[in-house]
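*Asks:* Got a structure here, written out as structure tokens. Questions coming.
The values are calculated or read from the model by the stated rules, or taken from the named source; none is laboratory data. Here the structure is a predicted model, which means the values were calculated and not measured. FYI the Cβ positions are ideal-geometry reconstructions off the backbone, even for glycines, and counts take in every protein chain you see.
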Amino acid sequence: MEELSSRGVKQVRFESDCQQLVHIINSSKQWPALEPELDAIESLRATFISFTLSFISRSLNIRMDSLAKEARSRDLHFSIVDIVVPEPLSHEVSMLGPV
């Protein structure tokens with residue numbers, strides 16, 4: 001989110017296969033144990049004109065889930081974010097609607 005904001009992107013859509021996380025971030029309920037993280041997310045969220053966070057089932061998110069698991073298994077951290085959808089994923093993204 002920080003990278004997108006720093007690049008001047010104003011409309012974002014995030015999808016997560018963690019339904020509980022999506023609910024926590026989208027709800028107005030207080031979560032004291034997560035307050036610092038939620039405050040940081042809310043501050044970043046305010047920098048966008050349009051911000052959407054929605055749930056996507058893991059079965060529809062197989063490729064991204066596999067990439068994330070592989071990165072965790074190799075203890076990889078990514079600091080480069082590209083705002084262009086990678087070619088191998090463009091078909092899946094277009095099936096889900098506009099980004």
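For every residue, the table says whether it meets (1) surrounded by 10 or more Cβ atoms within 10 Å (Cβ to Cβ); (2) over 14 Å from the mean Cα position of the chain (by Cα); (3) modelled with pLDDT under 90.
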site: 17; (1), (2), (3): yes, no, yes
site: 21; (1), (2), (3): yes, no, no
site: 29; (1), (2), (3): no, yes, yes
site: 35; (1), (2), (3): yes, yes, no
site: 52; (1), (2), (3): yes, no, no
site: 60; (1), (2), (3): yes, yes, yes
site: 74; (1), (2), (3): no, yes, yes
site: 99; (1), (2), (3): yes, no, yes
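*Asks:* Of everything in the stretch 1-16, what is touching a residue at least 24 places away in the same chain (Cβ under 8 Å) and small (Gly, Ala, Ser)? Give them in sequence order.
*Replies:* 5, 16, listed by residue number.
*Asks:* Are any residues in the stretch 17-30 in contact (Cβ under 8 Å) with a residue 24 or more places away in the chain and under 12 Å from residue 41 (Cβ atoms), and if so, which ones?
*Replies:* Selection gives 22, 25, 26.
*Asks:* Return the residue satisfying two criteria in turn: it lies in the stretch 4-15 and is of a type outside the set (Gly, Ala, Ser) and surrounded by 13 or more Cβ atoms within 10 Å (Cβ to Cβ), and of such residues it is farthest from the chain's Cα centre (by Cα).
*Replies:* Taking the candidates together, the pick is 9.
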